[in-house]
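Trainee: Can you read through this structure? Questions will come right after.
The values are calculated or read from the model by the stated rules, or taken from the named source; none is laboratory data. Values in this document were obtained by computation on a predicted structure and should not be read as measured data. So basically every Cβ, Gly included, is an ideal-geometry build from the backbone, and we count neighbours across all protein chains shown. These area figures cover heavy atoms from the full protein model, side chains too; ligands, DNA and RNA do not enter into them. Shrake-Rupley method; radii C 1.70, N 1.55, O 1.52, S 1.80 Å.
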Amino acid sequence: MSTMRLTLKVWRQASPEAKGEFRTYPVEADEHMSFLEMLDVVNEGLIAAGEEPIAFDHDCREGICGSCGMMINGKAHGPRAATTACQLHMRSFKDGDHILIEPFRASAFPVIRDLVVDRSSFDRIIQAGGYVSVGTGAAPDGNAILVPKEMAERAMDAAQCIGCGACVAACPNASAMLFTAAKVSHLAMLPQGQPERHRRVLGMVEQMDSEGFGGCTNFAECEAACPKQISIENIARMNRDFLKASLREREETGAGAVSN
Amino acid sequence: MNAIIGLWRSTIGKKIAMSLTGLLLVGFLISHMISNVLVFVDGASLDLYGAWLRGFGPLLWIPRLILLGAVVIHIAAAYQLSALARAGRGGSYRDHDRPASTYASRTMRWGGVLILVFIIFHILHYTVGIIHPDFRVGEVGRNLVRGMESKPVALFYLVSMIALGAHFLHGIWSVFQTLGINHPTWNRWRRGIAIGLTVLVAGGFASIPAAALLGWLR
């Protein structure tokens, strides 16, 4: 066990309307603690002293739920590549370090309190098309729909997205293109996603734009920040699908008209 | 028509418009650069080229208006996307590390503004001729050399061509991504083509003010 003394500078904001500010907290941490456990230690001290603990989102703490996420020293999820804040360990820091902790910032991610931001804009993008329709009734035969192995793997690479919002946080334009592209792509690469393919991309992009995210200018900061290493290849695929769907869309001629 | 309007309303559609107009302008600049470096052959061949262009008479306004339209669409999309990005970012970070973006990609907006200022200056300088010390219609080669005799003007041309190079470097790579051209087998060509066209076009243009500053242009 080796302990380290750190100085945290944390964004504190009591409510969405409140004017936030940075506050400094000294903390003694163990190198084997996760970053969130280190914050837990700070909070225990704050509670014992009768102060408000630092609010931050977390759930699974094993890097798959997408709840946690904060800017740590200017990087979404901190200094380690392909690692969520909960899977980041204090051994990535050294004794005497100063750590700056800020919430993800974007107009579409308003701060609720301290480091907690409202990411329901992502949920609305999913609702606008991030699903496939399936028949109810008896379960279909297994392997009735053939999926080539390499396509399944590439779809899975896109489906790794946990919706944490690091892409938006890292993007200078606060664009949600990588998130939306991952969700569009993982269904577009599978046979089950084909019937709604064009409607999906049109609906999700429209929702993405209306949530107030910025556009993509190909900085590729999203790809560098993504804890699941989602590739910007997905953005190119979404652009391609969006262009194709836009050009092929037909005027609605009555009930049941489809977009492709 | 609805499809075009629908595309323009989306951020992706605006980027597609920027990439297509950008490609058109790149095409123009390749031909413009090739004709300009004729000055290294001799002034007379540049005069011949100018005479050939003027031979089209009023028809020359067709490509001119197409290019003007491309510039207007390119800038309108850039302006709207910049405004959307600024609004989307909301507050700024105390610390924001940007390891992936490049100098070229970060200077697209201000570099673009500089290029616009340059285009206006350049047209007044060599096409209209009102800010040229001694402009003579038809004497293209001579006008070019005389116009470059002022060191600040030559330096402004050189700096503008460096900005154009940075704009090309990110812009051309960006065209592939925006138009959905991304495949692991071919991706290394995207950077290669961007670098190649940057060196060819921006380098070709920059060689003229650079030669003038070194006293090699006569």
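Trainee: Among the residues of the stretch A:198-221, which ones are open to solvent by less than 10 Å² (accessible area, probe 1.4 Å), more than 7 Å from chain B (Cβ to nearest Cβ) and more than 16 Å from the chain's Cα centre (by Cα)?
Mentor: A:ARG200, A:VAL201 - these are the residues of the stretch A:198-221 that are open to solvent by less than 10 Å² (accessible area, probe 1.4 Å), more than 7 Å from chain B (Cβ to nearest Cβ) and more than 16 Å from the chain's Cα centre (by Cα).
Trainee: Name the residues in the stretch A:99-130 that are of a type in the set (A, V, I, L, M) and part of a strand (DSSP E or B), would you?
Mentor: Passing the criteria: A:ILE99, A:LEU100, A:ILE101, A:ALA106, A:VAL111, A:ILE112, A:VAL116, A:VAL117.
Trainee: Please go through the stretch A:92-122 and pick out each residue that is open to solvent by 20 Å² or more (accessible area, probe 1.4 Å), of a type in the set (S, T, N, Q) and more than 10 Å from chain B (Cβ to nearest Cβ).
Mentor: Passing the criteria: A:SER92, A:SER120.
Trainee: Sticking with this one: Only one of (1) assigned to a loop (DSSP other than H, G, I, E, B); (2) more than 27 Å from A:GLY212 (Cβ to Cβ); (3) of a type in the set (A, V, I, L, M, F, W, C); (4) open to solvent by less than 40 Å² (accessible area, probe 1.4 Å) fails for B:PHE135. Which number is that?
Mentor: (4)
To keep it simple, each residue is scored yes or no on (1) open to solvent by 20 Å² or more (accessible area, probe 1.4 Å); (2) without any contact (Cβ under 8 Å) to a residue 24 or more places away in the chain; (3) of a type in the set (Ser, Thr, Tyr).
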{"position": "A:THR3", "(1), (2), (3)": "yes, no, yes"}
{"position": "A:SER15", "(1), (2), (3)": "yes, no, yes"}
{"position": "A:ALA18", "(1), (2), (3)": "yes, yes, no"}
{"position": "A:ASP40", "(1), (2), (3)": "yes, yes, no"}
{"position": "A:ALA49", "(1), (2), (3)": "yes, yes, no"}
{"position": "A:PRO53", "(1), (2), (3)": "yes, yes, no"}
{"position": "A:HIS58", "(1), (2), (3)": "yes, no, no"}
{"position": "A:ILE64", "(1), (2), (3)": "yes, no, no"}
{"position": "A:CYS68", "(1), (2), (3)": "no, no, no"}
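Trainee: On to the next question. In the list B:LEU24, B:LEU65, B:LEU60, which residue meets the criterion of being part of a helix (DSSP H, G or I), farther than 30 Å from A:LEU8 by Cα and open to solvent by less than 70 Å² (accessible area, probe 1.4 Å)?
Mentor: Selected residue: B:LEU60, the only one of B:LEU24, B:LEU65, B:LEU60 that is part of a helix (DSSP H, G or I), farther than 30 Å from A:LEU8 by Cα and open to solvent by less than 70 Å² (accessible area, probe 1.4 Å).
Trainee: Being out of contact with any Lys or Arg (no Cβ under 6 Å at 6 or more places or on another chain), assigned by TED's automatic domain parsing to the domain that holds A:VAL147, within 24 Å of A:ASP118 (Cβ to Cβ) and modelled with pLDDT of 95 or more narrows it down to one residue among A:GLU211, A:GLU221, A:GLU196, A:GLU233; which is it?
Mentor: Criteria check complete, one pass: A:GLU211.
Trainee: If you scan the stretch A:47-90, which residues turn out to be over 15 Å from A:ALA170 (Cβ atoms), out of contact with any strand residue (DSSP E or B) (no Cβ under 8 Å at 6 or more places or on another chain) and not in a loop (DSSP other than H, G, I, E, B)?
Mentor: A:ILE47, A:ALA48
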